[in-house]
1. Could you list, ordered by first residue, the pairs with Cβ atoms under 9 Å in which the first is in region 40-66 and of a type in the set (F, W, Y) and the second is at pLDDT below 75 and outside any helix (DSSP H, G or I), at least 6 apart or interchain?
2. Looking at T66 and the list (1) out of contact with any Gly (no Cβ under 9 Å at 6 or more places or on another chain); (2) at pLDDT below 85; (3) exposed (fewer than 10 other Cβ atoms within 10 Å of the Cβ); (4) part of a loop (DSSP other than H, G, I, E, B), which single condition is not satisfied?
3. Which ones in region 33-52 are in a helix (DSSP H, G or I) and either loosely packed, with under 12 Cβ neighbours inside 10 Å or modelled with pLDDT under 90 (or both)?
4. Test of understanding: among A15, A55, which residue is modelled with pLDDT of 65 or more, on the phi > 0 side of the Ramachandran plot and in a loop (DSSP other than H, G, I, E, B)?
Amino acid sequence: MTYEADLPLPEQSVAIIGMSGRFPGAGDVDALWRMVAAGEEGRTDYSDEQLAGRACPSGCSPTRPT
């Protein structure tokens, strides 16, 4: 990654101190930020069949929220 320490900060800037996680399409946090900077999407689409019964409380449906 490239870091530009001499650029002025916007008035409403945000500092990200530390980050970890799992991101579709990115193997690590640096890859996620490269995707974000490039305007790319990293997402996984699932069918209703793939979602059926996955962490869904009784009575809910992937197409009908409770």
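1. Y46/R54; Y46/P62
2. It is condition (1) that T66 fails.
3. Of everything in region 33-52, those that are in a helix (DSSP H, G or I) and either loosely packed, with under 12 Cβ neighbours inside 10 Å or modelled with pLDDT under 90 (or both) turn out to be W33, A37, A38, D48, E49, Q50, L51.
4. A55
The values are calculated or read from the model by the stated rules, or taken from the named source; none is laboratory data. Not measured: the values here are computed from a predicted model. Neighbour counts run over all protein chains shown; Cβ positions are idealised from the backbone, glycine included.
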